[in-house]
Amino acid sequence: MTTNVDFGELQYGWELAYQLQDTEQPLWQEAAIPVIDDAIELLRSAGARSVVDLGCGDGRNLAALVAAGFNCMGVDIAPTGLAHARTTARPAFLLRADATVIGLIDNSVDAVTCFDVLGQIQDPSSLVSEARRILRPGGTLVVNAFTLEDETYGEGDEIAPHTLAYKDTLFRYYDEDSVRELFSEWEVTSLYRRSWDGPPHGDFRPYPHRHDNWIVFATPR
């Protein structure tokens, strides 16, 4: 059953989710997502030096990229999440902005990462287009997206096919065809599935759960 919900407003629900947590304890309460090691290995092999992390949130993934030696910028719309990133991901540059409209010039960065974001924004194709715009020729994009087998699938109110409103936030889930369609104008160098266990996230999701993800490595054509 679908309901009439403003997709755009749900993009900003993450700020409330961050605010509801103890200011000393990030919402996610965990290290970088497990795929970060694969991403770091790929970016190093591609010779990447500059990395923009779209939807960096509280900086847990951004911090791992900084620690790996990349010159990093984190972008997010949630100021409370960025306040955490300011301490966890130093010395990365931080930018408060919509990840689909970034004030960087064309072809200016070596790599873009985007973790747990494609399902949380109104128009994922706009984010993918913006990533393509700022990437230099031969640059690399690394993203993940929840599959239909993700354990959180079905939680909340259905507002579109495979799309749910959950606690004032947006969750979209993907089958393989929809992922490939999103990257139809890219050279997809790797597409695979990977699962991992997520811990409770405070009141937002107060129980352990298992995430199932599509992992995409791609280069603009």
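Candidates [x] 121; [y] 107; [z] 186; which is the computed volume of the Cα convex hull per residue in Å³? Looking at volume of the Cα convex hull per residue in Å³ for this model, the match is [y]. Applying both filters, DSSP loop and at most 14 other Cβ atoms within 10 Å, to the GluC sites (Glu not before Pro) of segment 80-151 gives Glu149. Taking every full run of DSSP H in the chain, the ones that stretch at least 15 Å from end to end by Cα along their long axis and average -0.5 or higher on the Kyte-Doolittle scale are 124-134.
Summary of the geometry: segment 133-171 and segment 102-118, compared by the centres of their Cα atoms, lie 17 Å apart.
Highest mobility in the GNM of the chain, judged by mean-square fluctuation with C-alpha springs under 10 Å and restricted to Asp150, Asp110, Asp177, is found for Asp177. Amide H contacts for Ser195 (H built 1.01 Å from N in the peptide plane; partners 5 or more residues away or on another chain; cut-off under 5 Å): Asn213. Can you give the local net charge around Leu54? Use residues other than it whose beta-carbon is closer than 15 angstrom to its beta-carbon, Lys and Arg +1, Asp and Glu -1. That works out to -4. Expressed as a whole percent, the accessible surface of the chain that belongs to carbon and sulfur atoms is 49, based on a 1.4 Å probe. Defining a contact as two alpha carbons under 8 Å apart and six or more residues distant in sequence, what relative contact order in percent does segment 90-221 show? Rounded, it is 26 percent for segment 90-221.
Rolling a 1.4 Å sphere over the protein heavy atoms, what is the accessible area per residue of the chain, to the nearest Å²? Intermediate results must be reported in sequence, preceding the final value.
Numbers: 10210 Å² over 221 residues.
Result: 46 Å² of accessible area for each residue.
What is the sum of charges around Ile102, taking Lys and Arg as +1, Asp and Glu as -1, for the other residues whose C-beta is under 9 Å from the C-beta of Ile102? Value of the local net charge: -1.
The values are calculated or read from the model by the stated rules, or taken from the named source; none is laboratory data. Everything quoted here is computed from the prediction, not taken from an experiment. Reconstructed Cβ throughout: ideal geometry from the backbone, glycine too, with neighbour counts over all protein chains shown. We work out accessible area using only protein heavy atoms, side chains counted, and drop any ligands, DNA or RNA first. Shrake-Rupley method; radii C 1.70, N 1.55, O 1.52, S 1.80 Å.
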